[in-house]
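K.L.:
Got a structure for you, questions after.
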Amino acid sequence: MRQNLAVEIGTGLFVLLGIGALFFLTTQTTGRNDFAGTDTYTVQARFENVGSLKTRAPVAMSGVTIGRVTNIEFDGESLEAVVTLVIDRRFSQIPDDSDASILTAGLLGSQYIGLQAGGSELYLEEGSEILFTQSAIVLENLIGKFLVKSGSDE
Amino acid sequence: MTRLLREVFSPALEFVRNFGAMVLFFVQLLRYTPWTFVRRFGLVVGQVYNAGALSIVIIMVCGLFVGGVLGLQAFANLERFNAEEATGILAAFALVKEIGPVITALLFAGRAGTALASEIGLMKATDQLSAMEMMAVNPMQRVLVPRFLGGVISVPLLTAVFTMVGLLGAHLVAVELLGVDVGAFWQQLQQAMDVEDVYEGIIKSIVFGVVASLLAVWEGYSAVPTAEGVGRATTRTVVATAIAVLILDFMITASLI
């Protein structure tokens, strides 16, 4: 009986430790926790070029994450990329002439959407579209331009 | 000419026959699994203790040092690109997706699989399994399925513990020893990893758990009932598990990418 008890306690501890470790792995090592965002509204923005922006990339304003990219698709008629973002409902007073640009975190970091506040009295709301957008800076294009420019100087 | 053919083909045929017998054995195991799980749950708990709880120390020690060495290697090479902060990403991806499941399965085969195979082999060699059948007790239900289930439950849990301790090891080496910033280490890691990456590791650990347990139980059950045969079954368990796990690891990774 005594030995049985030890086996059961040992097994219980082992299983609890294992489940605890699984929980740790799924919650603490993955990047979901910085924006839980249950109460959100959806906004769209059109970009000429989204670079390597991915879904679930952060949407930041003044460097603080306020939302997330949920969908990126290509509009075959206007030949632009349509990016769908969700923004936390707490930040419902973002002017509707705000400017969205695709930025890179650090030189080699991942890309995110940065919002720059505008001056309008009207605010972004569910389903509205951000009109002023700036595409991702593609490093190769930049280098190409630089080379052409430095070539024409001579 | 026919002799040559026979010599080439008979090992191949033997392998195929063995494999077929193992698959049938696996089906039998699955058939008795619900009954054992419900009616003889105590036996399963006992085997989880044998296969899992008693392996926890070796798993944690190995995890700590594997994580530590990953941290060292990642740091030493990333330093050249001034990207030491990415040490966490590299160690975490390696641990969660590949090294955690694979090394845990190999350690399990060495620590618990061999014990299972030799135990069952010895039971067979000393006619205990036949004696059970004589008493109208199905050895499948009482002996084999609980051991199989014990392994299947233990391996994913052991893998999770191994990976967690490995991350801790990488953290200790990179942050405490080599001076990578704590915030950068964990934040970059969390940004780079998706839940899907963790799921990949979990899927692998489940598959490896089934394979490692099946092979251990099967090798024991199909052992030649002599002292030599039991010894050979033990060896074959480790070899077969290592090969199967490494091949399956490649196949799962290829199918998920």
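The values are calculated or read from the model by the stated rules, or taken from the named source; none is laboratory data. Everything numeric here is computed off the predicted structure, so don't read it as measured data. When we count neighbours, we look across all protein chains shown, and the Cβ atoms used for this are built from the backbone with ideal geometry, even at glycine. SASA here: full protein model, heavy atoms, side chains in, ligands and nucleic acids out. Shrake-Rupley method; radii C 1.70, N 1.55, O 1.52, S 1.80 Å.
K.L.:
Under the definition of Cα pairs under 8 Å and six or more residues apart, what whole-number percent is the relative contact order of chain B?
P.N.:
That works out to 32 percent.
K.L.:
Continuing with the same structure: State, as an integer percentage, the relative contact order of chain A based on alpha-carbon contacts under 8 Å between residues 6 or more apart.
P.N.:
Over chain A, the number comes to 24 percent.
K.L.:
I would also like to ask the following. Looking at chain A, what % of its DSSP beta bridges pair antiparallel, to the nearest 5?
P.N.:
Restricted to chain A, the bridges split so that about 75 percent are antiparallel.
K.L.:
Need one value for B:84-96: mean number of C-beta atoms belonging to other chains within 10 Å of its residues' C-beta atoms.
P.N.:
Mean inter-chain Cβ contacts per residue within 10 Å come to 1.
K.L.:
Where does each of B:161, B:211 land when they are ordered by accessible area, with a 1.4 Å probe and the largest first?
P.N.:
Largest accessible area first, the list is B:211, B:161.
K.L.:
If I build a Gaussian network model for chain B, linking alpha-carbon pairs within less than 10 angstrom, which residue out of B:14, B:119, B:228 has the largest mean-square fluctuation?
P.N.:
Largest GNM mean-square fluctuation: B:14.
K.L.:
Something else: If I model a spin label at residue B:1 and residue A:120 as a point 7 Å from the Cα along the Cα→Cβ vector, what separation in nanometres do I get?
P.N.:
Going from the residue B:1 label point to the residue A:120 one covers 8.7 nm.
K.L.:
Separate question: Scan segment A:56-154 for trypsin sites (Lys or Arg not before Pro) in coil per DSSP, keeping those whose Cβ has at most 14 other Cβ atoms within 10 Å, and list them by number.
P.N.:
A:56, A:89, A:90
K.L.:
Specify the residue with the greatest mean-square fluctuation among A:63, A:114, A:76, computed from a Gaussian network of chain A linking alpha-carbon atoms under 10 Å apart.
P.N.:
Top of the fluctuation ranking is A:76.
K.L.:
Hey, can you find the accessible area per residue of chain B for me, probe 1.4 Å, expressed in square angstrom?
P.N.:
Spelled out: the 1.4 Å probe surface of chain B, per residue, equals 49 Å².
K.L.:
Which value in nm describes the separation of the simple spin-label points at residue A:16 and residue B:184, placed 7 Å from the Cα toward the beta carbon?
P.N.:
Modelled inter-label distance: 3.9 nm.
K.L.:
Any idea how far the Cα center of segment B:211-257 sits from the one of segment A:45-76, in Å?
P.N.:
48
K.L.:
While we're here: What residues have an amide H closer than 5 Å to that of residue A:124, excluding those fewer than 5 places away on the same chain, when H is modeled at 1.01 Å from N in the peptide plane?
P.N.:
The list, which skips near neighbours in sequence, is A:94, A:96.
K.L.:
Averaged over its residues, how many other protein chain Cβ atoms are within 10 Å of peptide B:43-50's Cβ atoms?
P.N.:
4
K.L.:
Could you compute how much accessible surface residue A:64 exposes when probed at 1.4 Å, giving the result in Å² to the nearest 10?
P.N.:
Surface open to solvent at residue A:64 totals about 90 Å².
K.L.:
To the nearest 0.05, what FRET efficiency results for residue B:134 and residue B:10 with a Förster distance of 45 Å applied to their C-beta separation?
P.N.:
Working from the Cβ atoms, E equals 0.80.
K.L.:
Sticking with this structure for a sec: Rank A:67, A:127, A:18 by mean-square fluctuation in a GNM of chain A with C-alpha springs under 10 angstrom and give only the top-ranked residue.
P.N.:
Judging by the Gaussian network model, the answer is A:18.
K.L.:
Could you sort B:35, B:218, B:186 by their accessible area in this structure, using a 1.4 Å probe and putting the largest first?
P.N.:
Most to least solvent-accessible, the answer reads B:35, B:186, B:218.
K.L.:
Amide H to amide H, which residues 5 or more places from residue A:132 or on other chains are under 5 Å from it, using H placed in the peptide plane?
P.N.:
A:100
K.L.:
Still on this model: How much net charge surrounds residue B:120 when only the other residues with a Cβ under 11 Å from the Cβ of residue B:120 are counted, with Lys and Arg +1 and Asp and Glu -1?
P.N.:
0
K.L.:
Along segment B:36-41, what does the Karplus equation 6.51 cos²θ - 1.76 cosθ + 1.60 (θ = phi - 60°) give for ³J(HN,Hα), rounded to whole Hz, x for Gly and Pro?
P.N.:
3J(HN,Hα) across segment B:36-41, in whole Hz: 5, 5, 7, 8, 10, 5.
K.L.:
Tell me, in nm to one decimal, what length is gained between residue A:4 and residue A:55 on full extension, where the rule is 0.36 nm per residue of separation less the Cα-Cα distance?
P.N.:
13.2 nm
K.L.:
Moving on. If I compute solvent accessible area with a 1.4 Å probe over the protein chains, what percent of it on segment A:3-143 is carbon and sulfur?
P.N.:
Its accessible area is 56 percent carbon and sulfur atoms.
K.L.:
Measure nothing fancy, just the Cα-based angle from helix A:139-152's long axis to the longest principal axis of chain A, in degrees from 0 to 90, nearest 10.
P.N.:
With both axes taken from Cα atoms, the answer is about 30 degrees.
K.L.:
Sorted by accessible area (1.4 Å probe), largest first, how do B:107, B:172 line up?
P.N.:
If we order B:107, B:172 from most to least accessible, we get B:172, B:107.
K.L.:
Once you wrap a convex hull around the alpha carbon atoms of the protein assembly as shown, what is its projected area averaged over all directions, in nm²?
P.N.:
Approximately 33.6 nm², given one-decimal rounding.
K.L.:
Once segment B:45-256 is represented by equal point scatterers at the alpha-carbon sites, with solvent omitted, what log10 I(q)/I(0) does the Debye formula produce at q = 0.08, 0.14, 0.19 Å⁻¹?
P.N.:
Listed by q, the Debye log ratios stand at -0.33, -0.81, -1.21.
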